[in-house]
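Below is one structure, written out as structure tokens; the observations come after it.
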Amino acid sequence: STIRNKYKTLWTKVLHFHIKYPQKVKFIAFHYYSPAITNEARSAMRNLFMPIRIFFQQAIEQEVLKNLPIPMLISFTMGPIHYLSEAHKVGRLELNEANEALAFQASWDALKY
């Protein structure tokens, strides 16, 4: 499978998770940076994201994605997904198959080398 296909799978699964579980997304986003979260819990969350970090690192090394800091690549992937899902939730944007494909392509174009 190509890096692009893996990125599309990641992107699509994250988008669908945001749409299906908006309260979980909100909870994670709110609490991840909270001082109430212990370093142990934050470390466990980082470990959950390790496969994503490894994927981005390999894509950079293969010169498929731009050589940006990994947190920046994650932000440029996750941030737009969050706003797309919010726009969908409030009815400003229908995330039908065509719009989802357009959004994915814009994300890919922004990050590819």
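The values are calculated or read from the model by the stated rules, or taken from the named source; none is laboratory data. Fair warning: this is a prediction, and the values are worked out from it, not measured in the lab. As a convention, Cβ positions derive from the backbone with ideal geometry for all residues, glycine included, and neighbour counts pool all protein chains shown. All accessible areas refer to the heavy atoms of the entire protein, side chains included, with ligands and DNA or RNA removed. Shrake-Rupley method; radii C 1.70, N 1.55, O 1.52, S 1.80 Å.
Let's see how each residue does on (1) surrounded by 12 or more Cβ atoms within 10 Å (Cβ to Cβ); (2) free of Cβ contacts under 8 Å to residues at least 24 places away in the same chain; (3) within 14 Å of Thr12 (Cα to Cα):
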site	(1), (2), (3)
Glu63	no, no, no
Leu84	yes, no, yes
Lys89	yes, no, no
Leu95	yes, no, yes
Lys112	yes, no, no
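Given (1) over 21 Å from His16 (Cα atoms); (2) part of a helix (DSSP H, G or I); (3) of a type outside the set (A, V, I, L, M, F, W, C), where does Glu63 come up short, assuming only one miss? Of (1) over 21 Å from His16 (Cα atoms); (2) part of a helix (DSSP H, G or I); (3) of a type outside the set (A, V, I, L, M, F, W, C), only one is false for Glu63: (2).
Annotation: Glu40 fulfils all but one of (1) open to solvent by 80 Å² or more (accessible area, probe 1.4 Å); (2) over 30 Å from Asn96 (Cβ atoms); (3) at pLDDT 95 or above; (4) of a type outside the set (Lys, Arg); the unmet one is (3). In the set Phe104, Phe49, only one residue is in contact with a Phe, Trp or Tyr (Cβ under 7 Å, 6 or more places away or on another chain) and part of a helix (DSSP H, G or I); that residue is Phe104. For segment 1-28, a tally of residues being among the small types (Gly, Ala, Ser) and within 12 Å of the chain's Cα centre (by Cα) returns 0.
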